[in-house]
Every structure is written in C-alpha cells, then in structure tokens.
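The values are calculated or read from the model by the stated rules, or taken from the named source; none is laboratory data. Because the structure is a prediction, the values reported are computed rather than measured. No Cβ is skipped: glycine too gets one built from the backbone with ideal geometry, and neighbour counts run over all protein chains shown.
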Amino acid sequence: MSTADNIDLSKTTIISCESCGGKTFKQTMLLRKMSAIVSPTGQEALIPVAVFACEQCGHVNKEFSDSFSVIQ
C-alpha cells in the first residue's frame with residue numbers, strides 16, 4: 001500500500017494556475033546557467049530544475065519556483 005492510498009483528498013486543496021485558473025499541470029524543466037566564477041568545478045555549467053507548468057497556458061506558479069528563485 002502506497003502513501004497516496006492513505007491520503008484523504010477531501011482534506012486537501014486544489015492548486016490552480018495563477019495566470020489562467022487552469023487545474024492541470026505538467027512537469028517541465030527550467031535551465032539555469034552557472035558561471036565558471038561561482039561553479040565549484042571552475043567550469044560554466046547548465047543546471048536543470050524541474051518545475052510544474054500549467055497545461056493550458058504554460059505559466060509556472062510562484063509557489064512552484066520560489067524555493068529555486070528561478071522565475072523573475
């Protein structure tokens with residue numbers, strides 16, 4: 001039995017898109033570039049960051065990106 005089987009969805013809230021009100025999301029990637037100056041390897045690097053985007057309009061809600069500070 002998985003953890004999801006024990007969750008009472010009536011005690012949760014639906015997350016909506018801040019832009020269009022859509023209720024479905026898809027996982028997508030943002031890419032961040034790290035300069036060689038701050039990279040631990042001394043090499044420029046691309047860092048993929050997984051986020052959820054609205055399926056209707058492509059918007060990434062602030063709550064999905066805040067911890068990464070990836071949307072400006």
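Miscellaneous remarks
- Pair list, Cβ < 7 Å and 6+ apart or interchain, from the range 39-58 residues that are under 18 Å from Glu18 (Cβ atoms) to residues that are hydroxyl-bearing (Ser, Thr, Tyr) and not in a strand (DSSP E or B): Val51/Ser65; Cys54/Ser19; Glu55/Thr24; Cys57/Ser19
- Contacts under 7 angstrom Cβ, first residue in the range 21-32 being on the phi < 0 side of the Ramachandran plot, partner in a loop (DSSP other than H, G, I, E, B) and of a type in the set (S, T, N, Q), 6 or more apart: Gly22/Ser16; Gly22/Gln56; Lys23/Ser16
- With respect to (1) modelled with pLDDT of 90 or more; (2) of a type in the set (A, V, I, L, M); (3) exposed (fewer than 10 other Cβ atoms within 10 Å of the Cβ), the lone exception for Met1 is condition (1).
- Restricting the range 7-41 to residues that are over 22 Å from His59 (Cα atoms) and surrounded by 10 or more Cβ atoms within 10 Å (Cβ to Cβ), the residue that is nearest to the chain's Cα centre (by Cα): Met34
- Residue in the range 42-64 that is farthest from Met29 (Cα to Cα), counting only those that are surrounded by 10 or more Cβ atoms within 10 Å (Cβ to Cβ), more than 9 Å from the chain's Cα centre (by Cα) and among the aliphatic types (A, V, I, L, M): Ala45
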